[in-house]
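The values are calculated or read from the model by the stated rules, or taken from the named source; none is laboratory data. None of the values given here were measured: they were computed from a predicted structure. Glycine also receives a Cβ, built like all others from the backbone with ideal geometry; neighbour counts cover every protein chain displayed.
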């Protein structure tokens, strides 16, 4: 192409005096001045077509020749341009692990991280599983390789568990740093990830003898107290049917109990508990959890009566020749309370539930002794567990 272009440029820049070698067409040379001019015009048109320019008007000797010559020179330069520097082949190094988190639970450290589907030069990784190496540094010591059951991980989020050696699972709290390295099938990597931190040392003790029972206010959970341990007790409640989990912090560490007031009636729940403690080291505040307790299941039923009315008082009096007894008592605080029943000598004297903490008994007879009792009743008909609260009332 370069030689053809040189001929075209030469034809366009020289006038009709340019001599061309005779070209035989059977009977001898046929080139003429007009023939040269036509050939030059055709050559210019061919170059214009190669350059893709529609703005050049060729075929005459005018100032457009300079532009065409420059274009032809440019075409020659394109044809002989040198290629750019060769691109280095991909090393296929996996991107660094990201999104690291570490959780200390009893004698284990649970390490979670994300594995990218891309290499460091943004190509897709070829391997279905990448090689894995984890190292652990304790109080600024060398980062030692952690023995793992699984030495490969897939793309996505992974969690691995290290069972701590006894030396790290006991004793005072110390700071540990973990780093993750991902390797390709050639054993090559882009290096270690950023550090993520966890605590070494003795974890909080287990919650023992957890039990559950129902009450008017919810489900009461109790466990064995542990003297001197001020770790926070966290109770997890799981709905058996939906597996929805809610965390409940214990509100009475000294009595080793907590009341789940948000439990719904008729729903089966499973409860587990653990102790946890925050420790600040090296400018970081980290959490250390104890082991999870045994599970206890409970379903709250509305079979619990309201509290027993207290301070029941009876006063007999005559008014306009008729005798009556007035009774008053402390009101019962219960969200499900429907009212009260009043008993005289074991016989209920009200026909409908009494809605106020007082009753006017016109059925009593002067000169007799009566025993009055008052019970509280909820909307489902549950009556005070203790039955009647009795008080002797003697008429004058």
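Looking only at residues of region 134-150 that are assigned to a strand (DSSP E or B) and either surrounded by 15 or more Cβ atoms within 10 Å (Cβ to Cβ) or touching a residue at least 60 places away in the same chain (Cβ under 8 Å) (or both), we find that the one that is nearest to the chain's Cα centre (by Cα) is 134.
Which of the residues spanning region 107-119 are surrounded by fewer than 18 Cβ atoms within 10 Å (Cβ to Cβ) and over 17 Å from residue 154 (Cα atoms)? Residues satisfying the conditions are 107, 108, 110. Exactly one residue out of 142, 102 is in contact with a strand residue (DSSP E or B) (Cβ under 9 Å, 6 or more places away or on another chain) and modelled with pLDDT under 95, and it is 142.
Just one of the numbered conditions (1) more than 28 Å from the chain's Cα centre (by Cα); (2) buried (at least 19 other Cβ atoms within 10 Å of the Cβ) is not true of residue 185: (2). The single condition from (1) more than 30 Å from residue 110 (Cβ to Cβ); (2) crowded, with 16+ Cβ neighbours inside 10 Å; (3) at pLDDT 95 or above that residue 299 fails is (2). Inspect region 313-336 for any residue being part of a loop (DSSP other than H, G, I, E, B), surrounded by 17 or more Cβ atoms within 10 Å (Cβ to Cβ) and either modelled with pLDDT of 90 or more or assigned by TED's automatic domain parsing to the domain that holds residue 215 (or both) and give the result as yes or no. Yes, the conditions are met somewhere in region 313-336. Residues that are over 27 Å from the mean Cα position of the chain (by Cα) and closer than 23 Å to residue 170 by Cα were ranked within region 188-202; the one that is surrounded by the fewest Cβ atoms within 10 Å (Cβ to Cβ) is 202. Just one of (1) in the same structural domain as residue 275 (by TED's automatic domain parsing); (2) farther than 16 Å from residue 274 by Cα fails for residue 188. It is (1). For the subset of region 264-289 comprising residues that are modelled with pLDDT under 95 and outside any strand (DSSP E or B), which member is surrounded by the fewest Cβ atoms within 10 Å (Cβ to Cβ)? So, considering only residues that are modelled with pLDDT under 95 and outside any strand (DSSP E or B), the one surrounded by the fewest Cβ atoms within 10 Å (Cβ to Cβ) is 283. Quick check on region 209-216. Is at least one of its residues surrounded by 16 or more Cβ atoms within 10 Å (Cβ to Cβ), under 17 Å from residue 290 (Cα atoms) and modelled with pLDDT of 95 or more? Scanning region 209-216, I find at least one residue that is surrounded by 16 or more Cβ atoms within 10 Å (Cβ to Cβ), under 17 Å from residue 290 (Cα atoms) and modelled with pLDDT of 95 or more, so the answer is yes. Given the structure, is residue 293 in contact with a strand residue (DSSP E or B) (Cβ under 9 Å, 6 or more places away or on another chain), at pLDDT 90 or above, farther than 30 Å from residue 382 by Cα and surrounded by 15 or more Cβ atoms within 10 Å (Cβ to Cβ)? Judged against the criteria, residue 293 is a match. Only one entry in 126, 92 is modelled with pLDDT under 95, under 21 Å from residue 183 (Cα atoms) and surrounded by 16 or more Cβ atoms within 10 Å (Cβ to Cβ), namely 92.
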